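Asks: Shown below is the structure under consideration.
The values are calculated or read from the model by the stated rules, or taken from the named source; none is laboratory data. Only a predicted model underlies this, so the values are computations on that prediction, with no experimental measurement involved. Quick reminder, even Gly has a Cβ in these numbers, built from the backbone with ideal geometry, and neighbours come from all protein chains shown.
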């Protein structure tokens, strides 16, 4: 019996071999071998930052290069500490709907210690502006949730049918936090609390109610009944104990199992898609599958199969804390199909912000005055330093 002959062009075979070596070299460089073999526990927060370091610098270099021609207009919108008077802080929620706001949002993401996703599918981005000085306090953004997330689905009580029918009423917070100097005053908890405001629920309805779904092809009466958030660095210091009685509560759901795709950078992912395209695989064109995080994981998994690399490469070993933010009085009953009508009554952003200022921001500013010394020049110096290494 004749041996099977590989009839593919030599250049395709060489490309696959080079890609395989590149993937394995990247994982070795990140030091993730132990997690795939089950030999290590979840890394510390500093360890997670180190794992993200190369990806973050790549992200910062690309984004800052695009923003640099506009930095003289954007940077003054970040406050120096001396420009902030905690007792006069007046947060306002601004939905990102124009180029200027989008650029300011992108600038803020450069402060995060891990690269910030652009979100998937449906997406709503918000700035929080201090009306007392017209400076940026922080940002938050909601996007399509992962379709399969066991810890979330078990907590809700979903079966497959209910999840398919009601997932449209859930969004995931893929970036939430304050920028300096507000971050020194527990401003991140204030920003997180605003996810539960009436303004966000109304913005969701205005944008997505009766909109035809990309995957289902059906128009659904979508309402924002539940939001979820997942920590980036293990146990969350921002989301933990976020509770304003009668207004908002972040409920701890549990932990992810340490699988994902953050450790596969964009340049390698693009080559994986090229590999699938060469093989005629449909996952090479993500828009057919909803352009979501599940699609990205499936794409990587299929590419690993073709490269003869163990799919356990998707196991990075970083367990992340997951929280749920109920946004309706009968959220669980509605999501599981027990109730057909949703009971939504959300507080205004002004009410939430005032409660958060009293609960966290003003008391912290009295105990810790580091915010006064911070200047936006520090941010520019950091960005220029990273850019100079590119």
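Asks: Name every residue in the stretch 178-191 that is part of a loop (DSSP other than H, G, I, E, B) and within 18 Å of residue 125 (Cβ to Cβ), in order of residue number.
Replies: Of everything in the stretch 178-191, just one residue is part of a loop (DSSP other than H, G, I, E, B) and within 18 Å of residue 125 (Cβ to Cβ), namely 179.
Asks: Now for a different question. Here's a check for you: in the stretch 97-120, which residue that is out of contact with any helix residue (DSSP H, G or I) (no Cβ under 9 Å at 6 or more places or on another chain) and touching a residue at least 12 places away in the same chain (Cβ under 8 Å) is surrounded by the fewest Cβ atoms within 10 Å (Cβ to Cβ)?
Replies: 102
Asks: Collect the residues in the stretch 124-137 that are out of contact with any helix residue (DSSP H, G or I) (no Cβ under 8 Å at 6 or more places or on another chain) and crowded, with 16+ Cβ neighbours inside 10 Å, keeping them in residue-number order.
Replies: 129
Asks: So residue 75 ticks every box in (1) over 25 Å from residue 356 (Cβ atoms); (2) modelled with pLDDT under 90 but one. Which box is left unticked?
Replies: Unmet condition: (2).
Asks: List pairs: first residue in the stretch 1-29 and at negative phi and modelled with pLDDT of 75 or more, second residue surrounded by 14 or more Cβ atoms within 10 Å (Cβ to Cβ) and part of a helix (DSSP H, G or I) anywhere in the structure, Cβ distance under 7 angstrom, at least six positions apart or on different chains.
Replies: Within 7 Å, the pairs are 12/278; 16/275; 19/271; 19/275; 22/268; 23/268.
Asks: Further question on the same structure: Return the residue satisfying two criteria in turn: it lies in the stretch 341-365 and is exposed (fewer than 15 other Cβ atoms within 10 Å of the Cβ) and touching a residue at least 12 places away in the same chain (Cβ under 8 Å), and of such residues it is farthest from residue 74 (Cα to Cα).
Replies: In this case the residue turns out to be 343.
Asks: If I ask for residues that are surrounded by fewer than 19 Cβ atoms within 10 Å (Cβ to Cβ) and assigned to a helix (DSSP H, G or I), which ones from the stretch 366-378 would you list?
Replies: 366, 367, 370, 372, 373, 377, 378
Asks: Something else now. Assess whether residue 167 counts as being crowded, with 17+ Cβ neighbours inside 10 Å, over 26 Å from residue 295 (Cα atoms) and in contact (Cβ under 8 Å) with a residue 12 or more places away in the chain.
Replies: no
Asks: Which residue out of 304, 313 is assigned to a helix (DSSP H, G or I), closer than 19 Å to residue 24 by Cα and at pLDDT 80 or above?
Replies: Every option except 304 fails the conditions.
Asks: Something else about it: Of the residues 113, 117, which is modelled with pLDDT under 95 and in contact with a strand residue (DSSP E or B) (Cβ under 9 Å, 6 or more places away or on another chain)?
Replies: Being modelled with pLDDT under 95 and in contact with a strand residue (DSSP E or B) (Cβ under 9 Å, 6 or more places away or on another chain) holds for just one of 113, 117, which is 117.
Asks: Could you give every pair whose Cβ atoms fall below 8 Å, whose first residue belongs to the stretch 265-288 and is in a loop (DSSP other than H, G, I, E, B), and whose second residue is at pLDDT below 70 and surrounded by fewer than 16 Cβ atoms within 10 Å (Cβ to Cβ), counting only separations of at least 6 or pairs across chains?
Replies: Listed pairs, sorted by first residue: 265/54.
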